[in-house]
Structure formats: structure tokens, C-alpha cells
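First up is the structure itself, then whatever we jot down about it.
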Amino acid sequence: MTVPQQNLWAPWRMEYIGGLNAGAEGCFLCRAAAHPEEDESAYVLWRGPATITLLNRFPYSSGHVLIAPLTHAAELEDLPDDVLLELMQRTRDAKRVLERAVAAQGFNIGMNLGHCAGAGLPGHLHQHIVPRWSGDTNFMAVLADAKVIPQSLAEVRRLFLAAGAELGLH
């Protein structure tokens with residue numbers, strides 16, 4: 001007996017797919033950096049002198065944060081030491097906030113440098129912070145090759161900003 005194919009509709013993915021080949025002028029990180037008046041709709045969490053911290057609009061799990069230099073750069077060696085330091089400090093601070101905001105029990109933290117390494121935006125490097133929980137993989141990923149994201153981005157942003165304020169981080 002064959003099982004009929006099931007469709008899982010995700011029309012929001014076209015926005016992501018359509019932006020994959022964009023240069024600096026089409027870079028969503030550069031757009032977010034250039035438009036502070038759109039911080040809420042762009043899910044920006046923090047702005048620093050050299051970096052921007054925002055929620056991933058296409059998350060692997062609730063609370064998936066991106067931290068990027070304001071400079072459109074593809075390689076770590078293209079950034080001065082003060083930018084690299086701020087990038088790591090924001091990574092540390094965002095991890096701490098996520099522990100409180102979404103009760104994360106663990107994290108995957110890292111960068112995908114270059115298209116063949118999985119970088120969806122290879123021209124503008126960025127750090128991923130992906131919160132994890134015991135047992136957070138489920139049958140949807142195994143059977144349907146789909147992820148279930150249980151919280152809206154707006155709710156995660158609200159929780160993150162509240163937890164950051166409680167910790168004195170903003």
C-alpha cells in the first residue's frame with residue numbers, strides 16, 4: 001500500500017529563496033542595519049556600534065538569533081579586531097538572554113562561511129545562536145522533513161527584550 005504524498009505549505013520560504021543571490025544592495029542584514037525605524041518588523045533585538053543582533057526570520061528553532069557585523073563582509077579576516085570582539089560579546093550576551101527568555105538547555109553556535117558550507121547569505125557573515133532543548137527533535141523532522149516552530153517571532157522578540165532588560169543587557 002502506498003501512502004499519498006502530503007503537502008506542507010510554506011509560502012513564506014519564497015521570500016528566503018528569492019533573496020539568496022542578492023548582493024549587498026539586497027542583503028537583509030544590510031537592510032536591517034540601515035533602517036532602525038523598522039526594527040520591530042525586522043525583528044532586530046540589539047544594535048551595537050559595530051554589530052546588529054536580530055531573530056532569524058526562517059528559524060531552525062524558536063529563538064534562533066543572528067549576530068552580524070554592520071559591514072557587509074564575507075570573511076572573518078575582512079573585519080577589524082574591535083568588530084570581532086563585539087561579535088563575540090554579543091554572542092555571549094544573547095546566549096545568556098536566551099537561557100532566560102526561552103529556557104534553552106543548550107545551544108548550537110556557529111557560522112557557515114561560503115555557499116558550500118551552507119551559508120544562505122555567503123556575502124555577509126553572521127553568527128547563528130540556535131537554542132536547544134532536551135528532546136526537541138520530533139517525528140515531524142524525521143517523517144515529514146519539517147520543523148515545528150512553537151512561538152511567533154514577535155513573541156520571542158518580546159521575551160528576549162524583557163529578559164535582556166532584566167539582565168541589564170540591551
Quiz item: Counting Lys and Arg as +1 and Asp and Glu as -1, what is the net charge of the other residues whose Cβ lies under 12 Å from the Cβ of Asp93?
Solution: +3
Practice problem: Run a plain Debye calculation on the range 43-165 (Cα atoms as equal point scatterers, no solvent) and give log10 I(q)/I(0) at q = 0.18 Å⁻¹, rounded to two decimals, same order as the q list. | Solution: -0.97
Self-check item: Contour excess over end-to-end distance, with Cα ends at Phe58 and Arg132 and 0.36 nm allotted per residue
Solution: 25.1 nm
Quiz item: Near Ala154, within a Cβ-to-Cβ distance under 13 Å, what is the net charge of the other residues, with Lys and Arg +1 and Asp and Glu -1?
Solution: 0
Practice problem: In nm, give the distance between the simple-model label positions of Leu84 and Gln105, each being 7 Å from the Cα along the Cα-to-Cβ direction. | Solution: 3.5 nm
Quiz prompt | Centre separation in Å (Cα based) which lies between the range 37-62 and the range 87-133 | solution = 12 Å
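Just so you know, all these numbers are worked out from the coordinates, no wet-lab data involved. Remember, predicted model here, so these are calculated numbers, not experimental data. Virtual Cβ from ideal backbone geometry, glycine too; neighbours counted across all protein chains shown.
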